[in-house]
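What follows is a short report on a single structure.
All of the numbers you see were taken from the coordinates with simple rules; none came from a lab. Just so it is clear, the structure is predicted and the values come from calculations on it, not from any experiment. With ideal geometry, Cβ positions are generated from the backbone for all residues, glycine too; neighbour counts draw on all protein chains shown.
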Amino acid sequence: MIKKWLMLSFLLIYLTGCQPFIGGQSVIDWVDFIQWNDHNYTGVLNSELADASFIDKEIGEVRFKVADNVTNSSYQLKDGDAAFHEKGTKLYSIKGEDNIIAVKDKAAINGYRIYFAIDNSEYKWHFEDVSLDQVKKIEIYKSAPPTGNQQIATISDKAKMENLLEILSNSKDAPAFQPNTSAGDPISYQIILYTDEPTAYKYGVHYDGNTYFWHPSETAILSGDIQHFISEK
């Protein structure tokens, strides 16, 4: 179920670049987007704002929420349109990033949700895009709906960070793997990798009671040694 959800989410993101409208005349499944300055900004799943200090300035606000209000699949997006944000939601620029904007989001780990211009820039938050030798800090959160994310670890020791990054790098592709859900959904964690960039890298790791796995591209199995980093103290 988790794999299918992640694959669908990424599919929707990339479809948005060429066809912003999905679904029929009366029911539209909107991807999370903001239309601004003639560009389509899409919510980034694998990233968080590294720190609120990277927020530059307010650049505008949402003018129209299309979800629940637009049922015509031929609707033409206008600047200020957003899929799910309410009218009046403030938009912010990010220091050093021309193709990324942010909105305040209480559910986001560092208080802002980020969006990148899918029609004007490349997606740069795949694990293979991370300069591992530039990682300065790692945070680990346990996903705990509905209360939110619970931070369970902060790692800044170089040797420990290298060990964890090696575990992630050495995961084994297992596209046919199906998690054991007999006792319920797997436990989910978020691993946040911080460099000197304004945006951090975020990856989900899951545990079904027997196996740790994640989805850097294909589903992949992680060494059980990762439990030394994500076990709650």
Could you tell me which of rounded, prolate or oblate describes the range 148-233, using a ≥ b ≥ c as the square roots of the eigenvalues of the alpha-carbon gyration tensor, with rounded for a/c under 1.5 and, failing that, prolate when a/b is larger than b/c and oblate otherwise?
-> prolate
Charge dipole (debye, nearest 20) of the chain; +1 at Cβ of Lys and Arg, -1 at Cβ of Asp and Glu | 540
Once the Cα atoms of helix 158-169 and of the chain are each reduced to a long axis, what angle between those two axes, in degrees from 0 to 90 to the nearest 10, is obtained?
-> 70
Extension reserve of the Ser169-Gln76 stretch, reckoned as 0.36 nm per residue once the Cα distance is removed = 29.2 nm
If you average 1/r over all unlike Cα pairs in the chain and invert the result, what Kirkwood radius do you get in angstrom?
-> 19.0
Taking the chain and dividing mean pair separation by its residue count, relative contact order in percent (alpha carbons under 8 Å, at least six apart) = 19
Which chymotrypsin sites (Phe, Trp or Tyr not before Pro) in the range 30-85 pass both tests, a DSSP loop state and at most 16 other beta-carbon atoms within 10 Å?
-> Tyr75, Phe84
Would you kindly state the longest site-free stretch of the chain, with sites defined as GluC sites (Glu not before Pro) in a DSSP loop (not H, G, I, E, B) surrounded by at most 15 other Cβ atoms within 10 Å?
-> 123-217
How would you classify the range 100-182 from its alpha-carbon gyration tensor, with a ≥ b ≥ c the square roots of the eigenvalues: rounded for a/c under 1.5, else prolate if a/b is greater than b/c, otherwise oblate?
-> rounded
